[in-house]
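Report on the structure given below.
What follows draws every value from the coordinates through simple rules; no lab data is involved. As the structure is a prediction and not an experimental result, all values here were calculated from the model. Cβ coordinates were reconstructed from backbone atoms using ideal geometry, including for glycine residues, and neighbour counts include every protein chain displayed.
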Amino acid sequence: MRSTPYWLDTAPAFQSGADQPVEGRFDVAVIGAGFTGLSTALRLARQGVSVLVLDAGPVIGEASGRNGGQCNTGLAHDYAKIIQTHGRDTAMRFHQAYSAAVADVERLVIDENIDCDFRRCGKLKLAAKPRHYENLAAAHRLMNDGFDAKTELFDAARVRDEIGSAAFHGALLMPDAAQLHVGRFGVGIAEAAARHGATIHENTPLLALDRHTLGFELRTPTGRAVAEQVVLATGTSRVGPLGWFRRRIVPVGSFILVTAPLPASTLDTLLPARRNYVTSRVIGHYFRVTSDRRLLFGGRARFSMSDARADRKAGAVLRHNLCHLFPSLAETAIDYCWGGLVDMSRDRLPRAGSDRGLHYAMGYSGHGVQMSVYMGGVIAERVTGEADRNPWAGLNWPAIPGHFGTPWFLPAVGAWYQLKDRFR
Ligand SMILES: Cc1cc2nc3c(=O)[nH]c(=O)nc-3n(C[C@H](O)[C@H](O)[C@H](O)COP(=O)(O)OP(=O)(O)OC[C@H]3O[C@@H](n4cnc5c(N)ncnc54)[C@H](O)[C@@H]3O)c2cc1C
């Protein structure tokens, strides 16, 4: 069993990294070569802006290359609660941003001709309890009524046509959701950014960032550079001068298994429509089929950070849960198991903003494949002064009390969520 993410193992290597030391003057420095940073760099480089990209590790080495490959429309939140907290207009703005974000990924795939199996497959949210089905029915009414979401509600009998598991009591379909090979997509946008002129340094952490007469001075282990503006696209960053963000973002481990390729006949019985699937529990699961017919099965599994030991333990929990949902897969070999860190904000909404030439976008809270790409475009427009389309403008972002970067409180949060799953 491999601990490399399936997506990275089955994508071409990024070929266009810079090999000289960091030096020079740039219009913009982007810190982080995940989807947020690469999407920002690509849009800017296309317009002839000189862009320096620094990543502490390899391109898409963190969440962007380690996720479930679901590119879903809609908020992951309870819409009634979002309306109650933010009002209907703001909730609508948030909702529309996710639809625009999926369309933005699709456009980028076409414009840059990226071979990454992008497909509008629909997302099915599966009710793990009868009461969850009632909640999905309420969400269906609310979303179709006020948000024109065109969701479809499937009862327990209809859901049997969608999934070969007896574990579910109904489901809600979001028809416009998509899926893609995130490894090939990520390398594709990195190569496109480099082709358009961006200088991308892998394995080059930003160590210090200071204001400078020409904008900002950036210090790295291999040299210094100056940039007029800086974009922080650093997710759950654990290195560099980003303490302000570390007090606001909680890194939470999420874990994934990928089976050996399955016979088409087995998949036709278990998941005939090959959609994106998520379950309704607080500590739920997400899964989908890859284009080479493997089942990718993920979930929070354990409330911990991701490291080799935690990933192995989480893998055992995931395997058990996979067999519970699909007993016919009990003997199936598992080829991959890995973990990654999700950049959770306290209210699970992203944050993005600017302060005198310093821009940031992060906090996608496990729902960021589409939004990170979209926010790259939003930030690029902000940098060039074209427009300010930030859907998250105006959200306040206080530090999380008692949190300084290492989430010591995760086991307690996990215990609380388990309790909620038992009684909810
Ligand atoms: C296991 C898992 C499953 C997920 N599944 C899904 C899913 O199915 N659908 C979905 O929509 N979302 C999913 N997500 C979330 C999604 O992957 C992220 O929201 C998205 O990839 C965030 O992209 P990013 O570019 O902002 O961050 P990242 O991809 O984390 O990139 C940040 C980059 O910044 C770099 N960096 C940090 N500090 C520094 C520094 N000081 N100097 C230089 N570089 C630095 C890091 O090395 C990293 O490469 C999942 C996440 C995980 C972990």
Practice task
Using only Cα atoms, tell me the angle between helix 308-325 and the longest principal axis of the chain; keep it within 0 to 90° and round to the nearest 10.
Solution key: 30
Practice task
Please find, in a Gaussian network model of the chain (springs between Cα atoms separated by less than 10 Å), the residue of A273, A330, A352 whose mean-square fluctuation is greatest.
Solution key: A330
Problem - For the stretch 146-257, average projected area of the Cα convex hull in nm² - result: 12.8
Problem - Residue-by-residue Karplus 3J(HN,Hα) for the stretch 270-287, coefficients 6.51, -1.76, 1.60, Hz, glycine and proline x - result: 7, 9, x, 8, 6, 8, 8, 10, 9, 9, 8, 5, 4, 9, x, 10, 10, 7
Fill in the blank from the handout: Per the C-alpha gyration tensor (a ≥ b ≥ c, the square roots of its eigenvalues), the stretch 246-314 is rounded if a/c is under 1.5, else prolate if a/b beats b/c, else oblate; here it's prolate
Exercise for the section: Write down, largest first, the equivalent ellipsoid semi-axes of the chain in whole Å, where each equals the square root of 5 times an eigenvalue of the alpha-carbon gyration tensor. Expected result: 35, 23, 21
Completion exercise
Sorted largest first, the Cα spans of the stretch 294-406 on the principal axes come out in Å as 56, 35, 21
Handout entry: the chain: angle of helix 130-147 to the longest principal axis, Cα-based, in degrees nearest 10
Key = 50
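Net charge around L206, counting only other residues with Cβ within less than 10 Å of its Cβ (Lys, Arg = +1; Asp, Glu = -1)?
In short, 0.
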Completion exercise
Where a ≥ b ≥ c are root eigenvalues of the Cα gyration tensor, a/c under 1.5 meaning rounded, otherwise prolate if a/b exceeds b/c and oblate otherwise, the stretch 28-72 counts as oblate
Exercise for the section: With a/c under 1.5 counting as rounded, go ahead and sort the stretch 188-345 into rounded, prolate or oblate using the C-alpha gyration tensor (a ≥ b ≥ c being the square roots of the eigenvalues; past the cut-off, prolate if a/b is larger than b/c, else oblate). Expected result: prolate
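Return S365, S345, S237 ranked ascending by Cβ neighbour count within 10 Å, so the fewest neighbours appear first.
On the way: S365 22, S345 19, S237 25.
Ascending number of Cβ neighbours within 10 Å: S345, S365, S237.
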Problem - Point-to-point label distance, T406-D145, nm (Cα→Cβ direction, 7 Å offset) - result: 4.9
Exercise for the section: Straight distance only, please: which aspartates and glutamates reach the Cα of K129 with their own Cα at less than 20 Å, same-chain residues fewer than 8 apart left out? Expected result: D78, E152, D155, D161, E162, D421
